[in-house]
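Trainee: What follows is a structure written as structure tokens; I'll ask about it next.
The values are calculated or read from the model by the stated rules, or taken from the named source; none is laboratory data. Because the structure is a prediction, the values reported are computed rather than measured. Cβ coordinates were reconstructed from backbone atoms using ideal geometry, including for glycine residues, and neighbour counts include every protein chain displayed.
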Amino acid sequence: MQQIGQVGNQEQTDEALVKAFQAGNTEVFPALVARYLTLIRRKACSFREIFSLEREDLYQEGLLGLFDAANTYAADGRASFETYAGRCISNRIVSAVRRSASRKNSFLNHAVPIEAVADLGAGQATDPQALLENRDELDGILQKAHVSLSPFERRALSLYLGGWRRAEIERALGIPARAFDNAMARVRKKLRRK
């Protein structure tokens, strides 16, 4: 990424662009964005849509991470700007994911999409009594899951039911394979028990 793109008529390194940006030349930031947009997208896509975060929200967080990197980078030779920016982008995205998974956002994270609830009764009887029983059953399952499962178990179950592969879940939650297996076993046991 060091010498991709041009600013003015001359090619510049990332470090030169950052130095110009820190000196007040805000016109060079779009060149940095162009160079790092692929990296931002790749890092954001690795998290996909975790809970209530959309891919675009993660892109935005990545851009803010790049902006922070451009503002705070010190060319002291310890790390290249590319390395520093990659770390800042990753940290910003991970922080957004953690904020999304926090306790205060748990209602949004565990909400059931309206479309999913509407699809539950599709193709079944339109008898009001049957519809009421189906809704009661769904409410019971959702309540049981919310009350009996730990936040970690709810996240693991949510990702699993969202169609994520095992390796993706382990990577997103930062856990080894054994921890995922144990969490899913606890989920099955708790949901069967009550």
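Condition check ((1) modelled with pLDDT of 85 or more; (2) surrounded by 15 or more Cβ atoms within 10 Å (Cβ to Cβ)) across all residues:
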| position | (1), (2) |
| --- | --- |
| ASP14 | yes, yes |
| VAL28 | yes, yes |
| THR38 | yes, no |
| SER46 | no, no |
| GLY62 | yes, yes |
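Trainee: Further question: For the stretch 136-194, what are the residues that are at pLDDT 80 or above, under 30 Å from SER90 (Cβ atoms), assigned to a helix (DSSP H, G or I) and among the aliphatic types (A, V, I, L, M)?
Mentor: Across the stretch 136-194, the qualifying residues are ALA156, ALA167, ILE169, ALA172, LEU173, ALA177, ALA179, ALA183, MET184, VAL187.
Trainee: Here is a list of conditions, (1) within 30 Å of PHE29 (Cβ to Cβ); (2) modelled with pLDDT under 85; (3) surrounded by 11 or more Cβ atoms within 10 Å (Cβ to Cβ), and CYS88 meets all of them except one; can you say which number that is?
Mentor: (2)
Trainee: Let me ask you something else. Assigned to a helix (DSSP H, G or I) and on the phi < 0 side of the Ramachandran plot: is that true of ALA75 in this structure? Outline the logic, then answer.
Mentor: On the way: assigned to a helix (DSSP H, G or I): no; on the phi < 0 side of the Ramachandran plot: yes.
Answer is no for this residue.
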